[in-house]
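Following: one structure in structure tokens, then a few remarks.
The values are calculated or read from the model by the stated rules, or taken from the named source; none is laboratory data. Bear in mind that the values here come from a model prediction, so they are computed numbers and not experimental data. We place every Cβ from the backbone using ideal geometry, glycine too, and count neighbours over all the protein chains shown. These area figures cover heavy atoms from the full protein model, side chains too; ligands, DNA and RNA do not enter into them. Shrake-Rupley method; radii C 1.70, N 1.55, O 1.52, S 1.80 Å.
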Amino acid sequence: MSARATILVVDDEPDVREVLQEYFASHGYEPLGAASADDAKAIVAQRPVDLALVDIHMPGEDGLSLARHLRERYATIAIVMLTSASTVVDRIVGLEMGADDYVPKPFDPREVLARVRSVLRRTSSAHRADLGAAKVRIGRCVLDIAAHRLVDEQGGEVAMSPLEFDLLKAFAENPNRALSRERILNLNQRDWDPFDRSVDLRVMRLRKKVEPDPEHPRFIRTIRKEGYIFIPDGE
């Protein structure tokens, strides 16, 4: 991870953008600001961005729609959502859209910085992952670990977040072996609520991408009271 990682702060409140941009700059990052989803799209289309810090509740196109756009078109951009502290719905939906983490409002800039650093460590590590020319078939897709790509049966690239890559890589490295939710959460190197649903949501999202029939998964299965297991042959 470069100390000059570029962080895009997307929030319609000028004070929030200013505080976060100044704080990130003081800690060696290159901050950019966007007042709307349209502004953010224009910025990422023109220059590389390592992480987008996105407020969910913005006038016009909201942060969830922007997160979906970023995940579909810029798979290597990490996404951290600024969510409402009063409900878990924002957090769950944000993770479903492909966010890598979330920070509830109101926030302490120190917590935001800690979460951003953690996500950048994880995603940078995923981008550097190199196990030779390893390619693993997972359901109807092939995971190219060295290239950090997931392709479908027609050879088209399937968008995935860095943390989805981490999860697929963990399954590929542990075939026919149950992975507990705790072990999967530990891949992310952060403190989680014991009732956090992020693992289940990511598995559900991955099944939609790799399973021929996501409603009846054959390759990524649930093992009751243990977690999840990758069955390479689907039998």
Heavy atoms of Lys135: accessible area, 1.4 Å probe, square angstrom to 10: 140
When the charge dipole of the chain is computed with +1 at the Cβ of Lys and Arg and -1 at the Cβ of Asp and Glu, the Cα pointing farthest to the positive end, of Ser161, Ser84, Tyr29, is that of Ser161
Selection from Phe230, Gly98, Leu185, by position along the positive dipole direction of the chain (Cβ): Phe230
What ranking of Glu72, Glu211, Glu111 comes out by heavy-atom accessible area, probe 1.4 Å, highest first? Glu72, Glu111, Glu211
Between helix 63-73 and the chain: long-axis angle, C-alpha atoms, 0 to 90°, nearest 10: 50
The chain, relative contact order in percent, only Cα pairs under 8 angstrom and at least six apart counted: 14
Who wins for biggest fluctuation among Leu179, Leu64, Leu120 in a Gaussian network model of the chain, springs between alpha carbons below 10 Å? Leu179
Mind checking the full-extension length gain between Tyr23 and Ser65? Use 0.36 nm per residue of separation minus the Cα-Cα distance, one decimal, nm. 12.5 nm
Report in % the part of the accessible area of the chain that belongs to carbon and sulfur, leaving out ligands and nucleic acids; probe 1.4 Å. 49
Test item: Cα-centred dipole of the chain, Lys/Arg +1 and Asp/Glu -1 on Cβ, debye: 960
Sequence order, the range 48-56: Karplus ³J(HN,Hα) from phi using 6.51 cos²θ - 1.76 cosθ + 1.60, θ = phi - 60°, Hz rounded, Gly and Pro as x, gives x, 10, 7, 8, 10, 9, 10, 6, 5
Cα-based helix-to-principal-axis angle, 109-128 vs the chain, degrees rounded to 10: 40
Report, in deg cm²/dmol and to the nearest 500, the calculated mean residue ellipticity at 222 nm for the chain, where each DSSP H run with n ≥ 4 adds -39500 (n - 2.57) and the sum is divided by the residue count. -12000 deg cm²/dmol
